[in-house]
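Here is the structure we will look at, set down as structure tokens.
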Amino acid sequence: MPRIRSVATSAAGVNRRTVLAAAGAVSLSAGVGYALRPADGQAVTVAGTEETVVASSRKAPAAPLAPYTKGTTLASVAMPRGGSSYRRLGEGPGWKRVVRGDLAAPHSGRESRRTALAAFVQLTDLHLMDSQHPLRWEFLRSADRHTWRQQEALTVHGAISLVERVNALRGAPVTGSPLHFAMTTGDNTDNNAHSELEWYMKVMSGGRITPNTGDRRHYEGVLNSGLKQYWQPDSDLRDSDKLLGFPHLPGFLAAAIREVHSPGLNLPWYSTVGNHDALGMGTYGHGDPYLAEFAVGGKKLMSLPESEAKKVLDAIDNAKDPKGTLLRDILKAHARSMRSVTPDERRAPYTVRDYLKAHLDPAHAGRGPVGHGYSSATLDAGTQYYSFRIADDVIGISIDTTDPGGHYEGSIGTAQLNWLDKTLKDNKGSYAVVFSHHTSKSMTNTRPDPARPGERRHNGAELLSLLGHHANVLAWVNGHLHRNLITPHTMSGGGSFWEITTASHVDHPQLARVIELVDNKDGTLSVFTTLVESAAPHRTDFSDLSQTGLAALYRELSFNARGGKQNLAGSASDRNTELVLKKG
């Protein structure tokens, strides 16, 4: 590998060497990339290149770099207090850092030798949710309690608070280096709805958001349905959740749909697509006109007998209904028992083209880069994968592992796999970080892409094998599992790298992850991972229905959500870590 300069000593703007290195190094599937100059916020096209997106860090601090742990889970973590069925949260001790030498032995003295290469933030599985959407399947709760969560009306509030936390970080936790960028690794939205896509873009880039659809004045959904199987926060009805200690909160629903403001990330951000972004409810392929019309219509099914709900869940879990045929038949059969809601065209499903155009919209530029990784070329090609330069000798590669044929598990097509192989070969002189939504073990769905029926789909084992043939791959960063998990890979092709999977921000423990790459100057590299929570207070106040108060409540409700898994935080070795590996 070539000599790599510290991020801390690089110029804050896009310098000539960086642009030229990018121009000669990274190749996108098609078209021109962009470089962002943070000094004036203008995106400039780099002519004559096939890809030159450059992630620009904040200006380096004038003082010497020092570790910055404030606001991270090294300092403190939200922990339960008391022993009742509904448990309140408060501040608890932080999680210690674990050194992992699975791929290389850590050498003593590296702390004083190390040089920072890059630092960035991963956000994943935000699941920004239009909780009143007619196709939201709360009715499956009769068979699985966790198909509906009490916190779902507050996803926007929670995500904004996470943005506020990232903005408050004044440096990387270990090296103190400026943070280069943030990357979202998919399931940015929940139900592939235009309303959710608009909220996502504004959460990330800044703006005012009214997290409400249908009736502009009132909430219309299961939270005020009068049905005892759902929490009824505004009502004194003794529903099944209140019997377990969930609070009675008069005014909650009016507060939940009130306008909020996101400051937007104060550093460049990139976007990776997930199955909930690409498919209806994260599992159904596009094409059924009935479901598309139902999404914007005036009827909503709120309850379903357990036996029928089990059939739908079995079809989802076993990939028996990729087009939603069974769901359509269930909805038609229960038309008379549906509740009336206010129709809203904003709930319509969005396409790949819609998703790309939203990212390219100047109104959503934020701190850049233009397109947030996507470009006019990817728009023309209808592809959702790209590469970009993180630092002088580090590239990032975002791949699309969603399967348009349906089902929530993933795969990758031959054309994209070949592009990935070529991109890594063309950049063998740079370290590489690969981003995707799905994990290696969740890429088991090789159903054909309807738009490319003759193209073969490849599973996670095949993708691992390809990455293993490239010694420059340091890490594969992903989400999807809603759980923290870090897996070492030593491949027969000679490569070794870390697969870093981060928990969601919809299910507890609601985390994001700061990742730092360093050169230990002893023949090894280290990848540091540090988890962060949102900026919301750990302790909630039921009388505080402000934007901040609701973000705190979002976390506490997620902790208490019935049916949720209790192991999503992962083990200590999946949280705050130092992951050592040999230099390629």
Of all residues making up the stretch 227-248, the number that are at positive phi and open to solvent by 50 Å² or more (accessible area, probe 1.4 Å): 0
Test for Ser108: is it of a type in the set (Ser, Thr, Tyr), in a loop (DSSP other than H, G, I, E, B) and buried (at least 17 other Cβ atoms within 10 Å of the Cβ): no
Output for the stretch 116-152, where each listed residue is within 24 Å of Tyr270 (Cα to Cα) and assigned to a loop (DSSP other than H, G, I, E, B): Thr124, Asp125, Leu126, His127, Met129, Asp130
Residue list for the stretch 278-331, filter: assigned to a loop (DSSP other than H, G, I, E, B), open to solvent by less than 30 Å² (accessible area, probe 1.4 Å) and either closer than 18 Å to Trp148 by Cβ or without any contact (Cβ under 8 Å) to a residue 24 or more places away in the chain (or both): Met281, Gly282, Thr283, Leu301, Met302, Leu304
Test: residue in the stretch 57-73 that is under 24 Å from the mean Cα position of the chain (by Cα) and at pLDDT 95 or above: yes
Flag if Arg539 is in contact with a Lys or Arg (Cβ under 9 Å, 6 or more places away or on another chain) and surrounded by fewer than 19 Cβ atoms within 10 Å (Cβ to Cβ): yes
Yes/no for Ala119 being of a type outside the set (Val, Ile, Thr), under 24 Å from Gly274 (Cα atoms) and open to solvent by less than 60 Å² (accessible area, probe 1.4 Å): yes
Positions within the stretch 76-90 being surrounded by fewer than 16 Cβ atoms within 10 Å (Cβ to Cβ) and closer than 18 Å to Ala512 by Cα, in sequence order: Met79
Any chance Arg170 is open to solvent by 10 Å² or more (accessible area, probe 1.4 Å) and over 20 Å from the mean Cα position of the chain (by Cα): yes
Residue count for the stretch 562-584, restricted to those that are out of contact with any Leu (no Cβ under 9 Å at 6 or more places or on another chain) and surrounded by 15 or more Cβ atoms within 10 Å (Cβ to Cβ): 4
Subset of the stretch 531-549 that is over 19 Å from Leu253 (Cα atoms) and assigned to a loop (DSSP other than H, G, I, E, B) - its residue that is farthest from the chain's Cα centre (by Cα): Arg539
Members of the stretch 484-527 that are open to solvent by less than 10 Å² (accessible area, probe 1.4 Å), assigned to a loop (DSSP other than H, G, I, E, B) and polar (S, T, N, Q): Asn484, Thr502, Ser504, Gln510, Asn520
Breaking point among (1) over 30 Å from Ser558 (Cα atoms); (2) outside any helix (DSSP H, G or I), for His480: (1)
Unmet criterion (only one of (1) under 24 Å from Trp148 (Cβ atoms); (2) open to solvent by less than 40 Å² (accessible area, probe 1.4 Å); (3) part of a loop (DSSP other than H, G, I, E, B)) for Tyr554: (3)
Top-ranked residue of the stretch 204-252 - restricted to ones that are in a helix (DSSP H, G or I) and not hydrophobic (A, V, I, L, M, F, W, C), ranked as farthest from Val341 (Cα to Cα): Ser205
Subset of the stretch 386-396 [crowded, with 24+ Cβ neighbours inside 10 Å and either in contact with a Ser or Thr (Cβ under 6 Å, 6 or more places away or on another chain) or among the β-branched types (Val, Ile, Thr) (or both)]: Tyr386, Ser387, Ile390, Ile395
Residue selected from the stretch 131-152 under the condition of a type outside the set (S, T, N, Q) and under 30 Å from Val514 (Cβ atoms), by the criterion surrounded by the fewest Cβ atoms within 10 Å (Cβ to Cβ): His146
Number of positions in the stretch 430-468 that are within 19 Å of Val527 (Cβ to Cβ) and assigned to a loop (DSSP other than H, G, I, E, B): 4
Residue that is open to solvent by less than 10 Å² (accessible area, probe 1.4 Å), part of a helix (DSSP H, G or I) and among the hydroxyl-bearing types (Ser, Thr, Tyr), where the choices are Thr155, Thr184: Thr155
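The values are calculated or read from the model by the stated rules, or taken from the named source; none is laboratory data. Everything quoted here is computed from the prediction, not taken from an experiment. Reconstructed Cβ throughout: ideal geometry from the backbone, glycine too, with neighbour counts over all protein chains shown. Heads up: the accessible areas ignore ligands, DNA and RNA and are worked out on the full protein's heavy atoms, side chains in. Shrake-Rupley method; radii C 1.70, N 1.55, O 1.52, S 1.80 Å.
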